[in-house]
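S.K.: Just passing along the structure, written as structure tokens.
The values are calculated or read from the model by the stated rules, or taken from the named source; none is laboratory data. It should be emphasised that the depicted structure is a prediction, and the values quoted were computed from it without experimental measurement. Don't worry about glycine lacking a Cβ; one is built from the backbone with ideal geometry, like all the others, and counts go over all protein chains shown.
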Amino acid sequence: MGLISDTHDNLRAVDKALEVFKDHSVELILHAGDWISPFTLKRIAKGGIKVIGVFGNNDGERKMLLELAKKYDIRLEAEIATINTDGKKIAITHGTSNVIIEALAKSSMFDVVVFGHTHRKELKKVKNTLLINPGEACGYLSGEPTVAILNVKTMDVKFVALTF
């Protein structure tokens with residue numbers, strides 16, 4: 001599973017992320033928000049990998065993002081998306097509220113919570129829940145564009161730097 005967040009219209013980073021995901025045989029991408037413009041969603045959709053995502057705090061053109069998501073069969077939720085895969089429950093949220101992230105983890109409802117917003121990669125366990133921030137794909141704030149690969153069966157997480 002490919003994890004990405006905070007693409008912020010950096011199409012070079014999006015293209016590199018798609019390349020990394022294909023190299024790792026990713027069949028599902030989880031996008032934790034801040035796509036920014038509809039053309040970024042379109043570029044990710046044309047990568048040929050199934051996508052589930054949420055809005056971020058900087059996603060302004062939500063109507064067009066939703067229209068394109070529907071056109072390209074992307075599941076795009078407002079605040080939180082949840083999935084069940086390989087016997088694991090996963091929540092995706094942008095992460096503007098640490099209280100919500102911690103509550104999702106402490107609720108024990110989810111095996112994994114994927115979030116973004118801080119532009120910093122993070123991996124920690126709260127109770128039995130794995131919290132994963134893949135970092136910022138765009139690289140604008142940290143200078144280190146990254147994504148993450150989650151093996152749901154083993155619960156192993158690998159951060160991958162996007163070099164372009």
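S.K.: Does the stretch 89-111 hold any residues that are over 12 Å from the mean Cα position of the chain (by Cα) and under 20 Å from residue 151 (Cα atoms), and which are they?
M.R.: Taking the stretch 89-111 and keeping what is over 12 Å from the mean Cα position of the chain (by Cα), we get 89, 96-111.
Those that are over 12 Å from the mean Cα position of the chain (by Cα) and under 20 Å from residue 151 (Cα atoms): 89, 105, 108, 109, 110, 111.
S.K.: Within the stretch 62-74, is there a residue that is part of a loop (DSSP other than H, G, I, E, B), surrounded by fewer than 16 Cβ atoms within 10 Å (Cβ to Cβ), more than 16 Å from the chain's Cα centre (by Cα) and at positive phi? Write out each step before concluding.
M.R.: To start, the set of residues in the stretch 62-74 that are part of a loop (DSSP other than H, G, I, E, B) comprises 72-74.
Filter once more, keeping what is surrounded by fewer than 16 Cβ atoms within 10 Å (Cβ to Cβ): 72-73.
Still in the list and also more than 16 Å from the chain's Cα centre (by Cα): 72-73.
Checking which are at positive phi leaves us with 73.
Yes, the stretch 62-74 has at least one match.
S.K.: Residue 82 passes all but one of (1) outside any helix (DSSP H, G or I); (2) without any contact (Cβ under 8 Å) to a residue 12 or more places away in the chain; (3) surrounded by 14 or more Cβ atoms within 10 Å (Cβ to Cβ); which number fails?
M.R.: In the conditions (1) outside any helix (DSSP H, G or I); (2) without any contact (Cβ under 8 Å) to a residue 12 or more places away in the chain; (3) surrounded by 14 or more Cβ atoms within 10 Å (Cβ to Cβ), residue 82 misses (2) alone.
S.K.: Okay, next question. Would you pick out the residues in the stretch 85-131 that are buried (at least 24 other Cβ atoms within 10 Å of the Cβ) and touching a residue at least 60 places away in the same chain (Cβ under 8 Å)?
M.R.: Once the filter is applied, which keeps residues that are buried (at least 24 other Cβ atoms within 10 Å of the Cβ) and touching a residue at least 60 places away in the same chain (Cβ under 8 Å), the stretch 85-131 yields 90, 92, 93, 94, 95, 114, 115, 116.
S.K.: Still on this structure: State all residues of the stretch 132-164 that are more than 20 Å from residue 11 (Cβ to Cβ) and over 12 Å from the mean Cα position of the chain (by Cα); if no residue qualifies, say none.
M.R.: 151, 152, 153, 154, 155, 156, 157, 158, 159
S.K.: Between 71, 16, 46, which is modelled with pLDDT of 95 or more and more than 16 Å from residue 137 (Cα to Cα)?
M.R.: The conditions single out 71.
S.K.: May I pose another question? Before we move on, is residue 139 at pLDDT 95 or above and of a type in the set (Gly, Ala, Ser)? Outline the logic, then answer.
M.R.: Details: at pLDDT 95 or above: yes; of a type in the set (Gly, Ala, Ser): yes.
So residue 139 passes the test.
S.K.: Mind checking which residues of the stretch 26-40 are of a type outside the set (Val, Ile, Thr), surrounded by fewer than 24 Cβ atoms within 10 Å (Cβ to Cβ) and within 20 Å of residue 132 (Cα to Cα)? Break it down stepwise before answering.
M.R.: Taking the stretch 26-40 and keeping what is of a type outside the set (Val, Ile, Thr), we get 27-28, 30-35, 37-39.
When the remaining residues are screened for being surrounded by fewer than 24 Cβ atoms within 10 Å (Cβ to Cβ), the result is 27-28, 37-39.
Result: 27, 28.
S.K.: Kindly indicate whether residue 17 is small (Gly, Ala, Ser) and touching a residue at least 40 places away in the same chain (Cβ under 8 Å).
M.R.: Working: small (Gly, Ala, Ser): yes; touching a residue at least 40 places away in the same chain (Cβ under 8 Å): yes.
Spelling it out, residue 17 is indeed small (Gly, Ala, Ser) and touching a residue at least 40 places away in the same chain (Cβ under 8 Å).
S.K.: Out of the residues in the stretch 45-61 that are surrounded by 20 or more Cβ atoms within 10 Å (Cβ to Cβ), of a type in the set (Val, Ile, Thr) and in contact (Cβ under 8 Å) with a residue 40 or more places away in the chain, state the one that is farthest from residue 5 (Cα to Cα).
M.R.: Applying the filter and picking the extreme gives 52.
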